[in-house]
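Reading through the structure tokens given below for one structure.
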Amino acid sequence: MGDSRVRSFPANRNAEGLRFAIVVARFNHPISVRLLRGANETLVGRGAAPDDIEVAWVPGAFEIPQAARALANTERYHAILTLGSVIRGGTPHFDYVCDGVTDGVREVMRDTGIPVAFGVLTTDDVDQALDRAGGAHGNKGVDIALAAIEMARLLPAITSPEKTLGADG
């Protein structure tokens, strides 16, 4: 029998030397700025240089995929973060926006190969969104930043192990 060891790609949350773009929706601005603060503080706290983080503000969540694609196409970033919130109202508009932004972000990842961390909250009300933007349920901006770092490290390790960008979780 051959070697039974399994190759593993451990989590690496070291952002040193990585470049990030963050797309943020202005709609529901009080929520977006909290998500952005959590993401930015996490990236910098994990070693990213402030000059290696660029923020693109868009009108609303529906515009996030187009900006994310434009940023990915520049090939300047190791990962892109998307932040915003869609809050349910009394019409089907919520469903259309949620579907559009989700599908659009997925297409950017698929078409460009650049990791895109999905941080668009979809909630029933403002209180739920605030709870997830630094409130009772933490700050999803932090979680999204960690996911972006990890994916920016993982993909090169999978595709070009000899070009792995550092280590340390």
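The values are calculated or read from the model by the stated rules, or taken from the named source; none is laboratory data. Everything quoted here is computed from the prediction, not taken from an experiment. Every residue, glycine as well, gets a Cβ built from its backbone with ideal geometry; the counts of neighbours run over all protein chains shown.
Within region 19-56, which residues are over 14 Å from the mean Cα position of the chain (by Cα) and closer than 23 Å to Gly89 by Cα?
Here is the first cut: in region 19-56, the ones over 14 Å from the mean Cα position of the chain (by Cα) are 26-31, 33-34, 44-52.
Listed by number, the residues that qualify are Arg26, Phe27, Asn28, His29, Pro30, Ile31, Val33, Arg34.
Please go through region 95-121 and give me each residue that is surrounded by 13 or more Cβ atoms within 10 Å (Cβ to Cβ) and either farther than 28 Å from Thr74 by Cβ or among the basic types (Lys, Arg) (or both), ordered by number.
Arg106
If you scan region 1-25, which residues turn out to be part of a loop (DSSP other than H, G, I, E, B) and buried (at least 16 other Cβ atoms within 10 Å of the Cβ)? Give the steps one after another, and end with the answer.
To start, the set of residues in region 1-25 that are part of a loop (DSSP other than H, G, I, E, B) comprises 1-19.
Within region 1-25, Asn12, Arg13, Asn14, Ala15, Leu18, Arg19 meet the criteria.
List pairs: first in region 131-157 and surrounded by fewer than 22 Cβ atoms within 10 Å (Cβ to Cβ), second at pLDDT below 95 and part of a helix (DSSP H, G or I), Cβ under 9 Å, 6+ apart or cross-chain?
As it stands, the answer is Pro156/Lys163; Ala157/Lys163, since those pairs meet every condition given.
What residue, of Thr112, Thr42, is closer than 25 Å to Ala129 by Cβ, of a type in the set (S, T, N, Q) and touching a residue at least 12 places away in the same chain (Cβ under 8 Å)?
Numbers: Thr112 fails: closer than 25 Å to Ala129 by Cβ.
After applying the criteria, what remains is Thr42.
Residues of region 74-94 being part of a strand (DSSP E or B), under 12 Å from Arg19 (Cα atoms) and in contact with a Leu (Cβ under 6 Å, 6 or more places away or on another chain), which ones? Outline the logic, then answer.
As a first pass, look at region 74-94 and keep what is part of a strand (DSSP E or B): 79-87.
From what's left, under 12 Å from Arg19 (Cα atoms): 79-81.
Ile80 - this is the single residue of region 74-94 that is part of a strand (DSSP E or B), under 12 Å from Arg19 (Cα atoms) and in contact with a Leu (Cβ under 6 Å, 6 or more places away or on another chain).
I'd like to verify a number: residues in region 26-69 that are of a type in the set (S, T, N, Q) and not in a helix (DSSP H, G or I), how many?
So the first thing to find is which residues in region 26-69 are of a type in the set (S, T, N, Q), and the list is 28, 32, 40, 42, 66.
Filter again for not in a helix (DSSP H, G or I), leaving 28.
Total satisfying the criteria: 1.
Residue under question is Gly90, and the condition is that it be surrounded by 13 or more Cβ atoms within 10 Å (Cβ to Cβ) and more than 27 Å from Pro50 (Cα to Cα); does it hold?
On the way: surrounded by 13 or more Cβ atoms within 10 Å (Cβ to Cβ): no; more than 27 Å from Pro50 (Cα to Cα): yes.
No: the conditions fail for Gly90.
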